[in-house]
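Participant: Pasting in a structure now, in structure tokens, and then I'll have a few things to ask.
What follows is calculated from the coordinates using simple rules that are stated; it is not laboratory data. Just so it is clear, the structure is predicted and the values come from calculations on it, not from any experiment. A quick note on method: Cβ atoms are made from the backbone with ideal geometry, for glycine too, and the neighbour counts reach across all protein chains shown.
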Amino acid sequence: MPTKTKLQLWELRAEFALRLATLYGNEVPAYNTLVDVSREVNEDFISKNGKEAERLGSIQRVTAERHGAIRVGSAKELAQAARLFAAFGMYPVGFYDLRDASKSSVPVVSTAFRPVDAGELAKNPFRVFTSMLTHDDRRFFDEETQKLIESFIEARTLFSDELLALADKARAQKELGLVQATRLLDLATAAFELSRKPVDHDWYFRLERISAVAADIGGVPSTHINHLTPRVLDIDDLYARMEARGIAMIDEIQGPPNWEGPDVLLRQTSFRALAEERNFRYPDGGIRPGSLRVRFGEVEQRGIALTRHGRDIYDRMVADVDTRLAEAPPGATRVEVAEQVWRKNLPDSEKELALQGVGYFTYRVAAPRQSIAQPSASLRELVEAGVLIPEPIVYEDFLPRSAAGIFQSNLSDDGSRDDEQLGTPYDIDRLSEVLGSKIFDPNDLYAAQQSESLKEAGRQLRITITS
Ligand code: OOG
Ligand code: NI
């Protein structure tokens, strides 16, 4: 904890991330192993690759970088979570519909709370993937179950009035005095601690038959961190080292394959949920111990953010990989098929990723004004002449299909869903209403950062940069 009289939002955020890591490491010791191995992977990567290794984030940032995942049960709880995260300078970005992204029963819609500007991200990029149970979705819950979930959720308090009031104060003042900051951090961290209260056995397993995710949200008296994810610079290396330590990982790394071209978007993998002891209350009133497998360990490797055009290419490649894999001879793996599809569709250099408008970049002026004679020049001319240097913008968000894969790989069975029923429609606007504040579109944030840097380069060079 910094010993200052006042803490800025980013300092509160950094401290919040540290405290959650301590809490989670005490609850799930395997997390500490994952962090140790991640540190080894990053140190080795840096010593092998030098300065280049820091292209997608300084080593300080990457070492401190984590994302958490939490799950809440209602619109009210989500709106309160938004107030809480705002105290740490974390705002909702992106909309993910996991109901459609998975075959099994994952009845949630999600957003991620994170810093939105580059300076804040560089100071501390902590983000929390936050999912809300869609208890009104008839594909999963009949009317009776919906009502029961609603009254169960309504009767609990995740975030106290004192906590929310302190959070509102931090947001309004953009800082908090040390005493109140300490109180805010104590209360906020405790809100994500695994509850020791007994779990109602029959209610929990009634929900689990529909969806293990629904049971984890609506079957217990409070919320908790589901996982906390460190970032590595080489996820293939991490995967191999974890297996070598005898830790069973999920079958594959989600997201883009390992290939010779630039890393884009996000690659993730996880180890399976571990059994944790919980107390259950049975209908006879007795309380007896049992175990649940809900929380797991995940790790991520981040790449370059893709433009809308780049994202279309990515989505088409994912579909293409599925089709080819279905037609491939037995034994072919997704990763092998994906490598071929990627080589065919994606530029294999950062420069082309930038110039073909596939990835987001900022542009640094490298040569003096005298080197350009004309009043306007194209971006390609300027980059090829070495006047402007493209620097990648890192992807700060998530991927719905990978998220669904992560949820799914940790379910012991698929649960149940009735696709004949009509789902409750959710999109970024509806979830913004639920939240009480506008959810940022990640594309808008990246595009603004890119165009701002081009404008600045144009000013410095005193020319018009054409696309
Ligand atoms: C969230 C799963 C999604 C990710 O990294 O894509 C996620 C959850 O399990 O609650 O964390
Ligand atoms: Ni995650």
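Participant: With the crude spin-label approximation of a point 7 Å out along Cα→Cβ, what separation in nm comes out for residue 374 versus residue 327?
Facilitator: Result for the modelled spin labels: 4.4 nm.
Participant: Then there's this: Using R₀ = 35 Å, calculate the FRET efficiency as 1/(1 + (r/R₀)^6) where r is the Cβ-Cβ separation of residue 51 and residue 282; round to 0.05.
Facilitator: Numbers: r = 60 Å, r/R0 = 1.72.
The computed FRET efficiency comes out at 0.05.
Participant: Pop out the ³J(HN,Hα) list for the range 426-432 in order, Karplus 6.51 cos²θ - 1.76 cosθ + 1.60 with θ = phi - 60°, rounded to Hz; leave Gly and Pro as x.
Facilitator: 3J(HN,Hα) across the range 426-432, in whole Hz: 10, 8, 4, 6, 5, 5, 4.
Participant: Taking the Cβ of residue 62 as the center, what net charge do the other residues with Cβ under 9 Å away carry, scoring Lys and Arg +1 and Asp and Glu -1? List each step's numbers first, then the result.
Facilitator: Details: positive: 61, 231, 302; negative: 54, 65.
My count for the surroundings of residue 62 gives +1.
Participant: Same structure again: Amide H neighbours of residue 364 under 5 Å, at least 5 residues apart or on other chains, H built in the peptide plane: list them.
Facilitator: HN-HN under 5 Å from residue 364: 389, 391.
Participant: Using the Cβ atoms and a cut-off under 13 Å, what net charge is assigned to the surroundings of residue 409, where Lys and Arg are +1 and Asp and Glu are -1?
Facilitator: Values: positive: 103, 272, 293, 401; negative: 251, 252, 298, 413, 414.
Overall, the nearby charge balance is -1.
Participant: Taking amide H positions as placed 1.01 Å from N in the peptide plane, with prolines and chain starts having none, which residues 5 or more places from residue 72, or on another chain, fall under 5 Å of its amide H?
Facilitator: 131, 132, 133
Participant: Moving on to the next point. What residues qualify as long-range amide H neighbours of residue 264, i.e. H under 5 Å apart, gap of 5 or more or another chain, H built at 1.01 Å from N?
Facilitator: Those qualifying (amide H under 5 Å, at least 5 residues apart or on another chain) are 304.
Participant: Calculate one ³J(HN,Hα) per residue across the range 82-93 by plugging θ = phi - 60° into the Karplus curve 6.51 cos²θ - 1.76 cosθ + 1.60, and present them in order as whole Hz with x for glycine and proline.
Facilitator: Calculated HN-Hα couplings, in order: 4, 5, 4, 5, 4, 5, 9, x, 10, 10, x, 9 Hz.
Participant: Could you work out how far apart the two model spin labels at residue 4 and residue 144 are, taking each label as a point 7 Å from the Cα in the direction of the beta carbon, and quote it in nm?
Facilitator: So the two model labels end up 5.7 nm from each other.
Participant: Strictly over 18 Å apart at the Cα level, which of 76/147; 103/438; 6/174; 51/344; 6/169; 76/438 would you flag in this model? If you can, show how the numbers build up before the last one.
Facilitator: Values: 76/147 16 Å; 103/438 29 Å; 6/174 10 Å; 51/344 30 Å; 6/169 13 Å; 76/438 16 Å.
Correct reply: 103/438; 51/344.
Participant: Helix-only mean residue ellipticity at 222 nm, the chain, DSSP H runs n ≥ 4 weighted -39,500 (n - 2.57), per residue, nearest 500. What is it?
Facilitator: Working: 19 runs with 215 residues, N = 467.
When only DSSP H runs of four or more count, the value is -14000 deg cm²/dmol.
Participant: Then there is this: Once label points are set 7 Å from the Cα along Cα→Cβ at both residue 462 and residue 429, what is their separation, rounded to one decimal in nm?
Facilitator: 4.7
Participant: Still on this structure: Apply the Karplus curve 6.51 cos²θ - 1.76 cosθ + 1.60, θ = phi - 60°, to the phi angles in the range 307-324 and return the couplings in whole Hz, x for Gly and Pro.
Facilitator: 5, 4, 4, x, 5, 4, 4, 4, 5, 5, 5, 4, 5, 5, 4, 4, 4, 5
Participant: Additional query: Where the centre of each part is set by its Cα atoms, how far does the range 277-296 sit from the range 112-176, in angstrom?
Facilitator: Using only Cα atoms, the two centres lie 26 Å from each other.
Participant: For the chain, what is the relative contact order in percent, using Cα pairs closer than 8 Å and at least 6 residues apart in sequence? Intermediate values should be presented prior to the final figure.
Facilitator: On the way: 816 pairs, mean separation 96.0, N = 467.
Reported as a whole number, the value is 21 percent.
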